[in-house]
1. Can you name the residue in region 1-22 that is among the charged types (D, E, K, R) and farther than 15 Å from residue 98 by Cα and, of all such residues, is least open to solvent (accessible area, probe 1.4 Å)?
2. Taking strands (runs of 3 or more DSSP E) that do not extend beyond region 87-180, which have at least 3 residues that are in contact (Cβ under 8 Å) with a residue 12 or more places away in the chain?
3. Take the conditions surrounded by fewer than 18 Cβ atoms within 10 Å (Cβ to Cβ), at pLDDT 95 or above and either at negative phi or aliphatic (A, V, I, L, M) (or both) and apply them to residue 183. Does it pass?
4. What number of residues within region 132-173 are within 17 Å of residue 76 (Cα to Cα) and open to solvent by 60 Å² or more (accessible area, probe 1.4 Å)?
5. Among the candidates 144, 191, 203, 161, single out the residue that is among the hydrophobic types (A, V, I, L, M, F, W, C) and within 19 Å of residue 10 (Cβ to Cβ).
6. Restricting to region 107-128, count the residues that are open to solvent by 30 Å² or more (accessible area, probe 1.4 Å) and either under 16 Å from the mean Cα position of the chain (by Cα) or of a type in the set (S, T, N, Q) (or both).
7. Within region 23-77, how many residues turn out to be open to solvent by 50 Å² or more (accessible area, probe 1.4 Å) and within 16 Å of the chain's Cα centre (by Cα)?
8. Among the residues that make up region 51-66, is at least one of them of a type in the set (Gly, Ala, Ser) and under 20 Å from residue 166 (Cβ atoms)?
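The values are calculated or read from the model by the stated rules, or taken from the named source; none is laboratory data. Predicted model only: the values in this text are computed from it and were never measured. FYI the Cβ positions are ideal-geometry reconstructions off the backbone, even for glycines, and counts take in every protein chain you see. SASA here: full protein model, heavy atoms, side chains in, ligands and nucleic acids out. Shrake-Rupley method; radii C 1.70, N 1.55, O 1.52, S 1.80 Å.
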Amino acid sequence: MRIALLGGTGDIGEGLALRFARDTGHEILIGSRDPEKARDAVAEYEEELADRTDEVDIKGFGNEMAADRADVVICSVPPYYVGDTVEAVSDSLDSDSILVTPAVGMQGDEDGLHYHPPEAGSVTQLVAQRAPDEVPVVGAFHNLAADALSNLENDLDLDTLVVADDDDAKDTVLTVANEIDGLRALEAGPLANAAEVESVTPLVINIAKYNADMHDVGVKWT
């Protein structure tokens, strides 16, 4: 399977790229608006992974080409770019594509971060509105700390919640997410539940802010 990370040069994109490349046998495609930036990131990731896995299969492309070549397309860009990014690659997506979004709308003040969803109700639902009708959308990887993912010295013991209206697409993402060592993917229902899932993200960031010994806070459901 080919997994594309649009905006794969950013924090969450880097973390997911490194984990997928180390822990799974999938081909990882790093996407960026600037293809050269994507290729530079690939070189950095390959260096990071050199002593951690026998085989690395990562390539860098512009976002549109990465999306066109992929089976699973993870839109790992900030929430304020996600709609435009989806529209920019829409011609590269079809009914065989699965579009995944981990983005969360947040606003900060002196107290911390607060959930700030778009008018669609959640960023996941916004992506579903902007994606082509035939493309299934899945929300996943929302509550994961980017630093925890990108630091491969850190052994994960975390859960990620997965929401989708398309059962086949949801099952695919659950399977792929569960291939990351130390990550457990749990079904959380349809896209209508995305707001509840996304709203956990500012909570975990605030916990890290107010507890000096908790830098990479995550969620484990028991």
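1. Step one: of region 1-22, the residues among the charged types (D, E, K, R) are 2, 11, 14, 19, 22.
Filter once more, so that each one left must be farther than 15 Å from residue 98 by Cα: 11, 14, 19, 22.
Numbers: 11: 109, 14: 61, 19: 1, 22: 57 Å².
Across region 1-22, the extreme among qualifying residues is 19.
2. It comes to 98-101, 112-115, 137-139, 158-164.
3. Numbers: surrounded by fewer than 18 Cβ atoms within 10 Å (Cβ to Cβ): no; at pLDDT 95 or above: yes; either at negative phi or aliphatic (A, V, I, L, M) (or both): yes.
Criteria not met by residue 183.
4. Residues flagged as within 17 Å of residue 76 (Cα to Cα) and open to solvent by 60 Å² or more (accessible area, probe 1.4 Å) within region 132-173 amount to 1.
5. Details: 191 fails: within 19 Å of residue 10 (Cβ to Cβ); 203 fails: within 19 Å of residue 10 (Cβ to Cβ); 161 fails: within 19 Å of residue 10 (Cβ to Cβ).
Exactly one residue qualifies, and that residue is 144.
6. Residues that pass the stated criteria total 4.
7. 1
8. No, there is no match, as no residue in region 51-66 is of a type in the set (Gly, Ala, Ser) and under 20 Å from residue 166 (Cβ atoms).
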